[in-house]
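Scroll down for the structure; my scribbles are underneath it.
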Amino acid sequence: DAKTTQPPSMDCAEGRAANLPCNHSTISGNEYVYWYRQIHSQGPQYIIHGLKNNETNEMASLIITEDRKSSTLILPHATLRDTAVYYCIVFMNYGGATNKLIFGTGTLLAVQP
Amino acid sequence: SQTIHQWPATLVQPVGSPLSLECTVEGTSNPNLYWYRQAAGRGLQLLFYSVGIGQISSEVPQNLSASRPQDRQFILSSKKLLLSDSGFYLCAWSLSSSGGYTFGSGTRLTVV
């Protein structure tokens with residue numbers, strides 16, 4: 001069952017902010033929002049995660065709406081190396097041994113020179 | 001620091017031949033371990049996961065099996081490969097109950 005909805009593709013100009021949306025309208029109160037990205041022919045890379053507060057790290061910012069039904073991953077200054085498939089995943093931390101990370105189809109972000 | 005190793009990076013095998021892919025994790029104890037597969041142009045599919053030595057759970061019925069003979073070693077095997085087993089195989093680890101997975105660099109398997 002798809003718990004998140006993302007646009008299949010987006011373009012962004014190099015140096016501009018990339019804003020990647022994700023809908024997770026059925027998210028439960030103890031589920032986190034995780035973001036990963038997969039550069040072509042590599043394994044997925046963890047970016048950031050959050051529960052309800054906005055989060056920022058050296059890679060990106062995560063903005064979660066107050067009702068937690070959607071979120072946006074922001075890459076503040078996109079570079080060509082940020083071209084990748086970006087996955088938004090809901091995951092219950094401390095959900096027990098049977099809790100697994102399930103990937104959807106993600107958003108292919110193409111950063112244009 | 002923790003590291004994850006997968007090998008080989010690429011593999012070409014004939015149909016009907018056996019398969020053994022190995023994944024090892026260093027710098028942590030009792031990790032959760034995972035095998036994913038990504039067929040060409042498709043998404044990541046979870047194949048197996050393990051929460052401890054000898055404990056394997058399969059997500060989808062298939063021609064593959066997994067084993068965890070040691071705490072930080074996870075092996076993916078097949079007795080007879082099919083063409084449909086071709087794909088990009090990724091191993092990952094996480095701390096118990098965390099959604100922060102670390103992935104290996106993957107093995108690209110082509111069955112011919």
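Structure notes:
- Contact map, segment A:25-46: first residue within 7 Å of chain B (Cβ to nearest Cβ) and more than 13 Å from B:L44 (Cβ to Cβ), second residue polar (S, T, N, Q) and assigned to a loop (DSSP other than H, G, I, E, B), Cβ cut-off under 8 Å, separation 6 or more or different chains; pairs are A:Y32/A:N93.
- Only one of the listed residues (B:S97, B:S77, B:S84) is over 21 Å from A:T105 (Cβ atoms), polar (S, T, N, Q) and at pLDDT below 95. That residue is B:S97.
- Taking first residues from segment B:91-111 that are within 16 Å of A:Y87 (Cβ to Cβ) and partners that are small (G, A, S) and assigned to a strand (DSSP E or B), the Cβ contacts under 7 Å between residues at least 6 apart in sequence or on separate chains come to B:G100/B:S94; B:Y101/B:A92; B:Y101/B:S94; B:T102/B:A92; B:F103/B:A92.
- When we screen A:T65, A:T79 for residues that are over 17 Å from A:L109 (Cα atoms) and β-branched (V, I, T), the only hit is A:T65.
- Considering (1) surrounded by 15 or more Cβ atoms within 10 Å (Cβ to Cβ); (2) of a type in the set (S, T, N, Q); (3) closer than 30 Å to B:W7 by Cβ; (4) without any contact (Cβ under 8 Å) to a residue 24 or more places away in the chain, the lone condition that A:T83 does not fulfil carries the number (4).
- Scanning segment B:31-47 for residues that are in contact with a Lys or Arg (Cβ under 9 Å, 6 or more places away or on another chain) and either free of Cβ contacts under 8 Å to residues at least 60 places away in the same chain or not aromatic (F, W, Y) (or both) yields B:P31, B:N32, B:L33, B:L44, B:Q45, B:L46, B:L47.
- Scanning segment A:56-73 for residues that are among the charged types (D, E, K, R) and touching a Ser or Thr at 6+ places or on another chain (Cβ under 7 Å) yields one hit, A:K69.
- Single residue of segment B:62-112 satisfying the filter (facing chain A (nearest Cβ under 10 Å) and over 26 Å from B:G52 (Cβ atoms)) that is surrounded by the fewest Cβ atoms within 10 Å (Cβ to Cβ): B:R108
- Within segment A:35-67, tally of residues that are of a type in the set (K, R) and either at pLDDT below 95 or surrounded by fewer than 19 Cβ atoms within 10 Å (Cβ to Cβ) (or both): 1
- Qualifying residue in segment A:98-113 (condition: touching a Gly at 6+ places or on another chain (Cβ under 8 Å), part of a loop (DSSP other than H, G, I, E, B) and over 21 Å from B:S98 (Cβ atoms)): yes
The values are calculated or read from the model by the stated rules, or taken from the named source; none is laboratory data. Keep in mind that this is a model prediction, so the values were computed, not measured. Because the Cβ atoms are built from the backbone with ideal geometry, glycine has one as well, and the counts that use them run over all protein chains shown.
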